[in-house]
Structure formats: structure tokens, C-alpha cells
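First comes the structure, then the notes that go with it.
The values are calculated or read from the model by the stated rules, or taken from the named source; none is laboratory data. From a predicted model like this one, the values you see are computed outputs, not experimental measurements. Cβ placement follows ideal geometry from the backbone for every residue including glycine, while neighbour counts extend to all protein chains displayed. When the accessible area is computed, the model is the full protein with side chains, heavy atoms only, and any ligands, DNA or RNA have been set aside. Shrake-Rupley method; radii C 1.70, N 1.55, O 1.52, S 1.80 Å.
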Amino acid sequence: MKLTIAHLYPDLLNLYGDRGNIQCFVKRLEWRGLEAKVLPILSGDSIDFSKVDIVLLGGGSDREQELVCGYLQDIKIKFKQYVEDGGVVLAVCGGYQLLGHYYKSKKEKIEGLGILDITTEWKPKRLIRNIILHSPLFETPVVGFENHGGRTLIHKQTPFGKVFFGLGNTGRSGYEGCIYKNVIGTYLHGPLLPKNPEVCDYLLKKALERKYGERIVLTELDDTLEQKANQVMVKRYQDKKYVLTETIKRYT
């Protein structure tokens, strides 16, 4: 079995070590004896979504998002078709914002793809801190790091998770990210997947089942170190007895 992973515009959207998400996809496939092919799609390149199994859209500055937006508009229809057909997507930070209807920055309004029913507006106070979520998709808490000026309203979309510690989509809603079909949009850096192998395996399983049309049971890997790191972070903030209502006072 083999998966092709498209990394969209790594020459522009490359903040906070999100390339580590690509490496996590590759290694967790290889450790199971499965093949992985990484397909970097640079600015101006074309993409054939029929040959892609997973898409990663990372984060970038407002200027870079503006540039990427132009390239994304050229593939908007095919990208939407890919998603509606069950294509797997991980969109982080700026990539998450661009999947929505628009991102309203300090200076202008950047048109998004409209794949997710979300909207984002810039605010002067950045939301920066470690973050922990409880997601109905996973038994283990999802951990990461957030650093964003945008406030994202997800309207009727399903959130990725409920914030246990941190600020999330708006700093006020109590929720973080968004899930739609086989798409996860999130502000979690870290990078996300090495810190949360359960999330990585969830996306890999969805991609394999879509491609091969059968139920996939992934071989278990030894994630002892990852689990210990997760537990340390959860316990650290649990012991501090922070609550969301206290943290948002600093940002609203």
C-alpha cells in the first residue's frame, strides 16, 4: 500500500515547523512497511488531485497568505471536489483560515476557498500559548501550541475539540479548530502530528480506506514516549488549575 502526500506551497506556508507533520505521515507509514511519496506543490505548480491521498496546507504570514490565495483560487473547484469526495486534508493556522470564506486582515479581505463554512478576522492581540483539547475523535487529549491573530468563527461546523487549556478559535468560544468530512482545520502547531500520533493515524487510516476501498486496521506502534510527553503537558496545566474564563480576560 502507498499514499501520496501533497504539501501545498511549502515555499510560502512554512511557519512553526509544520513540515514535521509531513515527516510524521511518512515515518508512521514506513514503520508499518507502507510506502509514502511526498509531493511538494510549489507556488505556480499544478496539482492533480486524482493522484493525491493527503493534502497538507500549512501556516504563513498575512502577506504569504495573500500570495497563496491567488494560487488557491486557480484550483478552487478541483480542491472542493477532492474534499467532497472524501479527500484527506490537514490545514494548519493560515491554511485553516484559507479553507473558509475569507480572512479579514488589518489591511484587506483575503478571499478563501469556501470549503469550510468559517470566517476569520484579525485582532491586535495575538492568542499565544500552549493548548490542550478534548476531541470526540480521540481517547487521548490533543496537545499543541497556538500563535494566531485571527479570530475564527466556525458557525455551524463541528469543532475539532473543546478547549481544556488555551484559547482556541476566538479566545471566547471554548472550541478549537473545525472538522468536515475528512478535513481537520486547526491552529495547533507543535508540530501537531508528532505530538499527537493518534491524530496522524486517524488521517492515515481515512486516506488508506478511501484509496483502497476497504476497512484498514493499522499495526500498533510503540508510542510510549509520545504518550508520556502528552501526559506531562496535560498534568502541568491541570495542576495549575487554570480555567478558560480566566485566560480569555487577557485577550478580550
Carbon and sulfur together cover what percent of the accessible area of the stretch 2-250 at a 1.4 Å probe radius?
50 percent
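Where does each of 66, 214 land when they are ordered by accessible area, with a 1.4 Å probe and the largest first?
In descending accessible area the options line up as 214, 66.
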How much accessible area per residue does the stretch 2-250 have, in Å², with a 1.4 Å probe?
47 Å²
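Can you tell me what share of the DSSP beta bridges in the chain is antiparallel? A percent to the nearest 5 is fine.
In the chain, DSSP labels about 50 percent of beta bridges as antiparallel.
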Spelling out what I want: for every residue of the stretch 127-135, take phi, set θ = phi - 60°, compute 6.51 cos²θ - 1.76 cosθ + 1.60 (Karplus), and round to whole Hz; glycine and proline get x.
9, 10, 3, 5, 9, 10, 10, 10, 10
Using a 1.4 Å probe on heavy atoms of the protein chains only, the accessible area for residue 1 in Å², nearest 10, reads 90 Å²
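Shape call for the stretch 168-234 from the C-alpha gyration tensor, a ≥ b ≥ c root eigenvalues: rounded (a/c under 1.5), prolate (a/b greater than b/c) or oblate?
Numbers: a/c = 3.15, a/b = 1.24, b/c = 2.55.
Oblate, since a/c reaches 1.5 and b/c is not below a/b.
May I ask you to compute the full-extension gain from residue 229 to residue 78, defined as 0.36 nm times their residue separation minus their alpha-carbon distance, rounded to one decimal in nm? It would help to have the intermediate numbers written out before the result.
Working: separation 151, 0.36 × 151 = 54.36 nm, distance 3.89 nm.
Between residue 229 and residue 78, full extension yields 50.5 nm more.
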Provide the solvent-accessible area of residue 162, counting protein heavy atoms only and rolling a 1.4 Å probe, rounded to the nearest 10 Å².
110 Å²
Residue by residue through the stretch 205-220, what is 3J(HN,Hα) from phi via Karplus (6.51 cos²θ - 1.76 cosθ + 1.60, θ = phi - 60°)? Round to whole Hz and write x for glycine and proline.
4, 4, 5, 5, 5, 5, 6, 9, x, 8, 5, 10, 10, 6, 4, 5
5 angstrom amide H check on residue 118, placed H, neighbours 5+ away:
101
With all protein chains in place and a 1.4 Å probe, residue 57 shows an accessible area in Å² (nearest 10) of 0 Å²
Taking the chain as a Gaussian network, where each spring joins two C-alpha atoms under 10 Å apart, which residue of 117, 223, 18 fluctuates the most?
223
Here the gain from full extension of residue 30 to residue 14, 0.36 nm per residue of separation minus their alpha-carbon distance, amounts to 3.4 nm
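Hey, what number do you get for the chain at 222 nm if only DSSP H runs of n ≥ 4 count, each worth -39500 (n - 2.57), divided across all residues, to the nearest 500?
Here the helix-only value at 222 nm equals -9000 deg cm²/dmol.
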Within a Cβ distance under 10 Å of residue 154, other residues only, what is the Lys/Arg minus Asp/Glu net charge?
-1
Counting only protein chains, not ligands or nucleic acids, how are 179, 41 ordered by accessible area (probe 1.4 Å), most first?
179, 41
Normalised by the number of residues in the stretch 141-225, what is the relative contact order in percent for Cα pairs under 8 Å and 6+ residues apart?
25 percent
Here D for the stretch 2-250, in µm²/s, from Stokes-Einstein with a Kirkwood Rh over Cα pairs at 25 °C and 0.890 mPa s, works out to 135 µm²/s
Loop-resident chymotrypsin sites (Phe, Trp or Tyr not before Pro) in the stretch 10-76 with no more than 11 other Cβ atoms inside 10 Å, DSSP not H/G/I/E/B, are 31
